[in-house]
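Just so it is clear, none of the values below were taken in a lab; they were calculated from the coordinates. On a predicted model such as this, the values are computed, not experimentally measured, just so you know. Because the Cβ atoms are built from the backbone with ideal geometry, glycine has one as well, and the counts that use them run over all protein chains shown.
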Amino acid sequence: MLTYATKRCRFNPAVNSSLATSVSCSQKSSPSADSSENSSPLSLAMMPRLFSKSNHHPRTCTTVSSSSSSTYLLNSTSSTDHFEPHTQVPSSTSSDPFSSPGAPPKRPNTTYPTRTKSGYPFFCYSDINLRFFPSQTAASRFLSSGYLLNPTNLSFSPSGFPPKHSSSTNSNQTVNRYPFFGYSARFFGSQTTVNRIFSSGYLLGGTNLRNSIRIGSGFLKVQSLAGGLRSFSSESDRESIDYDVVVVGAGPAGLSAAIRLKQMCQEKGVDLSVCVVEKGAEVGAHILSGNVFEPRALDELLPQWKQEEAPISVPVSSDKFWLLTKDHAFSLPCPFDNKGNYVISLSQLVRWMGIKAEELGVEIYPGFAASEILYDANDKVIGILTNDMGVAKDGSKRENFQRGVELKGRITLLAEGCRGSLSEKLVKKYLLREKVQAQHQTYALGIKEVWEIDESKHKPGSVLHTLGWPLDYKTYGGSFLYHMKDRQVSVGFVVALNYQNPFLNPYKEFQKFKHHPVIKPLLEGGTVLQYGARTLNEGGFQSIPYPVFPGGAIIGCSAGFLNVPKIKGTHTAMKSGMLAAEAAFGVLNEGSNMEAYWDNLKNSWIWEELYKARNYRPAFEHGLIPGLALSALEHYILKGRSPLTLKHGKPDHEATDVAKLHSPLQYSKPDGVVSFDVPTSLYRSNTNHEHDQPAHLRLRDPKIPGLVNLPDYAGPESRYCPARVYEYNPDEEGQLKLHINAQNCLHCKACDIKDPKQNIEWTVPEGGGGPGYSIM
């Protein structure tokens, strides 16, 4: 028997598995806990009483069980308050040794799953060990994400749905709602993995490491369930869940919007439901950036961030700007003012922001990919549809098939990042560029590695940017090298996607760059920790579309607020999210309209900043040397006050020349020390997709690669993709055919942008697929 006292309830994974037979909880001095309930598994019908905040009586959990077919042991729970384990533990576990402080006990002679590491199963569970899901699909997706959940007890209700709450006085419950829930348990191979999962947005409370529960530092506090239940309908073949605001994308813009909305709710005493869906397996998994962070927007959003252990700790200590030739580096006047800025990992920052958002009551759902826009009869956006799960390559339904969920919002904010698939559809549908005479967007591809280097070479806060070699003088691009903490260095290379030579290979240009005589010595002897790639907007002021559509708005890099000369877009993305949130709050609470977002944007420091920088990127349209001269004139003499606004050239896909105008470029083989082949780098990105699913990279016309791309452009998709997704392989007759390795995709969107005939359409794969960045 396990005895627990009030305040925190834990299950010791070392307990003999014979205890795992059933669940029964008795509440001392509680008239509501009758014998029939004590003898049966926890059911949904019991939840209003078991999780009422008024239930503070000690409980005795006599046994612990999992009714699922899994052999994972799951702990039972019975109160929204935390429980502390009684000091009395079974004798079979009292002598379990610890190999080191913080390590879990070795397994006794019991049957455990085989997913262990050196005999130490890291056991992660929820303090409450309960999570409400708005639908069965949501619960199933949570299961398929790798978290083993004790299935909800649906045997007492028809059609698999739980019974409605007929009555409840609990403020955390809602009458006539369908709360789905599950017990969460998972074995982790290392403490690092535990930390990453805890920061993913899942409501997990702790691990059995020396009986310690960590709050903060990536571990999520258990959230209040208030406001967590949403009404949903199953009248159609899809489940539908209603929110006040639905945010697509848990990046800096989306999370800033969600946080600001909840802050305003607190300020005004209003309760608005805010949901954030994220296609990555966890918050931050798809976030990649340089990043020299300007905290201006964060100072406005969360002024106490310095006291709240934000992952921002390395101030810029030096700032250099070089022009590279093959063998030399020439110092140029540095146009960047990075005083007061910090070298950070943006993926780590957004995970921290996700925690802050959830503390305010924002619901974040990683692993949910928004695939379609929902419209009402008047063509107004009313939410998004998540994609179906469990569809095989041939379109058939696999055994784990789950229909997508309709997430309906009174306001929908799209924060998908650069070249957002849904954002682009809305820009075209509502003619948002034409509405303000905005030019086309222009893009660049950024490729990045994080290295761990020798301590003697490490200079925390050191920042370096370069132009020139190995690119020719007609191609815009450059590199960055930032010294982070813990001997880590971010090394990256950016190539504008309006390059002309179809033989140019951005990935190989990056590998070549690392062999420059001033760069290679720094990296030699080091280790690559992670690799990734992502496109970025470079259109700036001229390319900003009208960001408001009927029913919502586009925020962050989906709209294109990157400041090109600063090489920064995080602070502007965050500010745009905050402005959109304020406009949305006005719509929902004060009867105003979303056009206020556009007005506030034009009156903000974003507009002023981007206006002054508007001529920097188009200045390089005619090459490196004219670009340096014009940009210097703009920056140092005119200071952004030029009476002229330069225009961008051709769209990136139209800028590609036919192959006969160029000669193939020669690249050296990677040495495996400083430079690497694509498969090696791809492994470091932690990229993973379900193989048996329809390709999310679609050809509008399957004939174009063979009829146009290969003969006219020498198959450029095989070179501009930094993950070797596209390959031309001979068929049985020896003819080259395009093969798409969709499982390699880094979600960089380069193919959607650069394909000469715009024949490739990037769509979202199953939620949770893609890269798994942790320090990018």
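Only counting other Cβ atoms within 10 Å, I'd like Asp388, Asp701 sorted with the fewest neighbours first.
Asp701, Asp388
If packing is taken as the average count of other Cβ atoms within 10 Å, what order do 533-539, 678-684 fall into, highest mean first?
Packing proxy ranking, top to bottom: 533-539, 678-684.
Would you please give the residues with an amide H less than 5 Å from that of Gly539, counting only those at least 5 places away or on a separate chain, with H modeled from the backbone geometry?
Thr442
Over region 659-762, what is the relative contact order in whole percent, taking alpha-carbon pairs under 8 Å and six or more residues apart?
29 percent
Would you mind computing, in nm to one decimal, how far apart the modelled labels at Asn593 and Lys639 are, each placed 7 Å from Cα along Cα→Cβ?
Between Asn593 and Lys639, the simple spin-label model gives 3.9 nm.
For region 581-621 and region 383-419, what is the centre-to-centre distance using only Cα atoms, to the nearest Å?
Rounded to whole Å, the Cα centres lie 29 Å apart.
Among Phe585, Phe401, Phe368, rank each residue by its count of other Cβ atoms within 10 Å, from fewest to most, as a rough exposure measure.
Fewest-to-most Cβ neighbours within 10 Å comes out as Phe401, Phe585, Phe368.
Once you have the Cα-Cα distance between Arg398 and Gln307, take 0.36 nm times their residue separation minus that, and quote the gain in nm to one decimal.
27.9 nm
Order of Leu374, Leu422 from fewest to most other C-beta atoms within 10 Å?
Ordered by Cβ neighbours within 10 Å, fewest first: Leu374, Leu422.
Using amide H atoms built in the peptide plane, which far-off residues or other-chain residues are under 5 Å from Ile382 H to H?
Amide H to amide H, under 5 Å and 5 or more residues apart or across chains, Ile382 pairs with Leu374, Tyr375, Asp376.
Could you rank the peptides 587-598, 292-303 by their average count of other C-beta atoms within 10 Å per residue, with the highest value first?
Ranked by mean Cβ neighbours within 10 Å, highest first: 292-303, 587-598.
I'd like the Karplus ³J(HN,Hα) series for region 312-326: coefficients 6.51, -1.76, 1.60, θ = phi - 60°, whole numbers in Hz, and an x wherever there's a Gly or Pro.
Whole-Hz 3J(HN,Hα) from phi for region 312-326: 10, 9, 10, x, 5, 9, 8, 9, 10, 9, 10, 9, 9, 10, 4.
Rounded, prolate or oblate for region 659-762? Axes are the square roots of the Cα gyration tensor eigenvalues, ordered a ≥ b ≥ c, and the cut-off for rounded is a/c under 1.5.
Oblate.
Given labels modelled 7 Å from the Cα in the Cβ direction, how far is it in nm from Lys660 to Asp486?
The answer from the label model is 5.5 nm.
Straight-line reach from Lys647: which aspartates and glutamates have a Cα under 20 Å away, not including same-chain ones fewer than 8 places off?
Glu434, Glu538, Glu608, Glu609, Glu621, Glu634
Which value, in debye to the nearest 20, gives the size of the charge dipole of region 659-762 about its Cα centre, when Lys and Arg are +1 and Asp and Glu are -1 at the Cβ?
That gives a dipole near 380 debye.
Taking region 454-526, which trypsin sites (Lys or Arg not before Pro) meet the DSSP loop condition and have no more than 13 other C-beta atoms within 10 Å?
Answer in residue order: Lys474.
Please name whichever of Tyr597, Ala573, Asn563 sits farthest to the positive end of the charge dipole of region 514-669, dipole taken about the Cα centre and charges placed at Cβ: Lys and Arg +1, Asp and Glu -1.
Working it through, the farthest residue towards the positive pole turns out to be Asn563.
On a 27 Å Cα-Cα criterion, which of the cross-link pairs Lys435/Lys602; Lys459/Lys512; Lys326/Lys485; Lys320/Lys568 come out too long?
Checking Cα-Cα distances, Lys326/Lys485 exceed 27 Å.
Arranged from highest to lowest average of other beta-carbon atoms within 10 Å per residue, in what order do the peptides 757-763, 434-440 appear?
Put in order of decreasing packing, that is 757-763, 434-440.
Would you kindly derive the ³J(HN,Hα) couplings of region 594-601 from the backbone phi angles with the Karplus curve 6.51 cos²θ - 1.76 cosθ + 1.60 (θ = phi - 60°), listing them in order in whole Hz, with x for Gly and Pro?
Per residue, the Karplus-derived 3J(HN,Hα) values read 6, 4, 4, 4, 5, 5, 5, 4 Hz.
Which GluC sites (Glu not before Pro) does region 669-735 hold that lie in a coil by DSSP with at most 14 other beta carbons within 10 Å?
Glu732, Glu733
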